[in-house]
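The values are calculated or read from the model by the stated rules, or taken from the named source; none is laboratory data. Just so it is clear, the structure is predicted and the values come from calculations on it, not from any experiment. All Cβ positions, even for glycine, are placed from backbone atoms using ideal geometry, and neighbour counts span all protein chains on display. SASA here: full protein model, heavy atoms, side chains in, ligands and nucleic acids out. Shrake-Rupley method; radii C 1.70, N 1.55, O 1.52, S 1.80 Å.
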There are 2 protein chains.
Amino acid sequence: MRWADAFIAADWGTTNRRAYLLDGDGNCVDEFEDDKGILSVGKDGFGKDGFGKDGFGKAVGQIRERLGDKPLLLAGMVGSNRGWIEAPYVPCPAGLDDLTAALVWPEEGRTAIVPGVSLVDPDEADVMRGEEVQLLGAFAAGLVSPDALVCHPGTHNKWARLLGGKIARFMTVMTGELFNLLKGHSILSDLLSRPVEPDEAFAHGVRHALANDCLTAELFKIRARVLLGQANAEDASSYGSGLLIGTDVRTGLREGSDSEIVVMGRPELTRLYAEALRIAGRQPREVDGERAFLAGARKIVELIDERS
Amino acid sequence: MRWADAFIAADWGTTNRRAYLLDGDGNCVDEFEDDKGILSVGKDGFGKDGFGKDGFGKAVGQIRERLGDKPLLLAGMVGSNRGWIEAPYVPCPAGLDDLTAALVWPEEGRTAIVPGVSLVDPDEADVMRGEEVQLLGAFAAGLVSPDALVCHPGTHNKWARLLGGKIARFMTVMTGELFNLLKGHSILSDLLSRPVEPDEAFAHGVRHALANDCLTAELFKIRARVLLGQANAEDASSYGSGLLIGTDVRTGLREGSDSEIVVMGRPELTRLYAEALRIAGRQPREVDGERAFLAGARKIVELIDERS
């Protein structure tokens, strides 16, 4: 049986998982998302849902009950040391063929876990797990050029430099997590509770961050400006997000400013990063992350078929 | 009755308060600290301790029960909009005479609240409340020169530039709060749980931060380095603190690099900042914050006596 005839691809993260059934043409014909992230699955004990000793085996069975008894390609934190079986990182430069060669097989020929990618050299160290399928899938589907600079916003934003269609190097910026920490637990909590919009307050924050490198000082001023009547409390959330994303963009653009820039991921985040990049004088393209993920999964499955 | 003959000075913060009884020579002869910060006192309702409708009045009575029925000078968040009575900020440049002229009197002639200090100009906005007594007290006591650059670490680190013995300008950096957020709630929580020491890992973090302006990217690498075997988990806390404090020092030294630098506050924090400043090539002096606070309170009280 060829995998490419019909298979399931799942992006299995820390708190959520999303699974897709793809037909022989690579089209998604069924899908579901739920909150059974890896932390809700008991590895050798008792998950929230009582999966018991073989938590991941049963959690995988559940996916097949929903989408059919098909070959299953798993990506994301399910391959981490907190997941099902650890799939060691593939070092840069990494392409889809490298990922395929390093798949880990919990069920031989039937269920595979995609490894993450690492960057290791004397001065750098970084890891990704989950984004690699999207990044390389976007190239496989012709959505990005082989040497693009790709920005992938999320809890941990990734700036990835492709060279010849492989991930040559990348950098993680903790922007999303920092914003959530500040919103959830800091002295700025009240001020950051409103929805973020790519409005003039956001642009102000971006411009300020592009021109200054003192984020940790600028954060407190969000509160000071409101206390002193220099800014409206209603603008604080967009301004603060602009500061953080502007800092992120300033950092990321050091990866190279002469190539195509693509922002890929969930539209509610990519529109903010795309706006910040435009303020920085760039012309980014936005690519839907789900489409790229499906293209990457499909290409890996074709490579599995070629090798078997 | 002259205040300076005997009075109580209290540093009343958000979560704690510390009160001192000073004799006619300005020596502390009795003191106590407890967890009755302003958030535990019900302003117009019900504090944790059942102070009732006049929460702060009763909480102040408690101070006098402990230390005697003396005039009382209150500093810190007790004068904020979440405290007893709001004492409006005094704009820079601010000296002890300016603070004394702007005292707010909940009980005329008997209980005074010291205002905070604000920095307002078209490009800057910042506030402090509590640190001003220490900063100006250190000058009044001859502990710092009239034009010193003073670093005051805490949840919100302050870099204050004195000119002619007044606070000319200042900047708040959220270093302490950010470290606590990352330690308490982030993907780095486990790694940041060990005590921070000014060791080689700390110095490594400081040097890296002094040479690079990408803190939000470096934070994630704390985890990546450990995952990839480039760093020991045991060093992560000191290294991470070094990154944050090094970033803080890089930012603060822009306030001027040609003057005396003093680090003032709690010794467990001042020793870290002093070490980071030495790595940056400076020769900071450490000043005990409590001693400076008492000197500042004493000087304000002398000014009260002169005015009455």
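For B:Glu234, the distances from its label point to the matching points in the remaining copies are 5.6 nm, ordered from shortest, with each point set 7 Å beyond Cα toward Cβ. Between the helical axis of B:200-211 and the longest alpha-carbon principal axis of chain B there is an angle of about 90 degrees. In this rough spin-label picture, where each label sits 7 Å from Cα along the Cβ direction, the A:Arg2-A:Val104 distance is 3.0 nm. What is the list of residues in region A:252-294 whose amide nitrogen lies under 18 Å from a point 7 angstrom out from the Cα of A:Ala168, following Cα to Cβ? Under cut-off, by backbone N: A:252-263.
Mean residue ellipticity at 222 nm, helices only, chain A: -11500 deg cm²/dmol; runs of at least 4 DSSP H residues each add -39,500 (n - 2.57), and the sum is divided by the number of residues. Peptide A:221-229 has a mean shielding of 6, counted as Cβ atoms of other protein chains within 10 Å of each residue's Cβ. Of the beta bridges in the protein assembly as shown, as assigned by DSSP with both residues counted there, near 65 percent are antiparallel.
Note on chain B: with charges restricted to the Cβ of Lys and Arg (+1) and Asp and Glu (-1), its dipole about the Cα centre is near 500 debye. When restricted to Cα atoms, the protein assembly as shown yields an Rg and a Dmax of 28.4, 98 Å, respectively. The residue among A:Ser241, B:Leu162, A:Ser189 whose Cα reaches farthest toward the positive pole of the charge dipole of the protein assembly as shown, with charges on the beta-carbon of Lys, Arg, Asp and Glu, is A:Ser189. Averaged over peptide B:180-188, the number of partner chain Cβ atoms lying within 10 Å of each residue's Cβ comes to 4.
Computed over protein heavy atoms with a 1.4 Å probe, the accessible surface of region A:187-245 works out to 37 Å² per residue. Taken along the Cα-to-beta-carbon direction at a fixed 7 Å, the label points for A:Asp121 and A:Ile85 span 3.3 nm. Axis of helix A:236-252 versus longest Cα principal axis of chain A: the two differ by about 70°, to the nearest ten degrees.
Accessible area per residue (1.4 Å probe, heavy atoms of protein chains only) ranks A:Ser308, A:Ser40 as A:Ser308, A:Ser40, with the largest value leading. When only Cα pairs below 8 angstrom with a gap of at least 6 residues are kept, chain A shows a relative contact order of 16 percent. Checked against a 29 Å cut-off, the cross-linked pairs A:Lys58/B:Lys183; B:Lys58/B:Lys183; A:Lys158/A:Lys183; A:Lys36/A:Lys183; A:Lys183/A:Lys299; A:Lys221/B:Lys183 give Cα-Cα distances beyond that limit for A:Lys58/B:Lys183; B:Lys58/B:Lys183; A:Lys183/A:Lys299. Classify region B:205-308 from the C-alpha gyration tensor, please: rounded if a/c falls under 1.5, else prolate or oblate depending on whether a/b exceeds b/c. Here region B:205-308 falls in the prolate category. The mean number of partner chain beta-carbon atoms within 10 angstrom of a residue's beta-carbon across peptide A:208-220 is 6. Within chain B, DSSP assigns beta bridges of which about 65% are antiparallel (rounded to the nearest 5).
The Cα center of region B:84-102 and the Cα center of region A:138-162 differ in position by 53 Å. Calculate the length of the line joining the C-alpha centroid of region A:231-273 to that of region B:229-308, in whole Å. Centre-to-centre (Cα) distance: 32 Å. For B:Phe7, the residues 5 or more places off, or on other chains, whose built amide H falls under 5 Å of its own are B:Leu22. Between copies, the label points of B:Thr15, set 7 Å from Cα on the Cα→Cβ line, lie 2.3 nm apart, reported in increasing order to one decimal in nanometres.
Placing +1 on the Cβ of every Lys and Arg and -1 on the Cβ of every Asp and Glu, with nothing else charged, gives the protein assembly as shown a dipole about its Cα centre of roughly 260 debye. For region B:173-288, averaging the sequence separation of C-alpha pairs within contact (under 8 Å, six or more residues apart) and dividing by the residue count gives a relative contact order of 29 percent. Using Cα atoms only, what is the angle between the long axis of helix A:55-67 and the major principal axis of chain A, expressed in degrees (0 to 90) to the nearest 10? The angle comes out near 80 degrees. With a 1.4 angstrom probe, the accessible area lost at the A-B interface totals about 3900 Å². Of all DSSP beta bridges located in region A:131-308, what percent are antiparallel, nearest 5? About 60 percent, rounded to the nearest 5.
Computed from backbone phi with θ = phi - 60° and the Karplus coefficients 6.51, -1.76 and 1.60, the 3J(HN,Hα) list for region B:154-159 is x, 3, 10, 5, 10, 10 Hz; x is used for glycine and proline. The Cα atoms of region B:240-287 give a gyration tensor whose axes a ≥ b ≥ c have a/c of 1.5 or more with a/b no greater than b/c, which makes the shape oblate. Note on A:Asp25 and A:His185: their simple-model spin labels are 4.9 nm apart, each label 7 Å out from Cα toward Cβ. Plainly put, the tip 7 Å out from Cα toward Cβ on B:Cys28 is 6.3 nm from that tip on each other copy, the closest given first.
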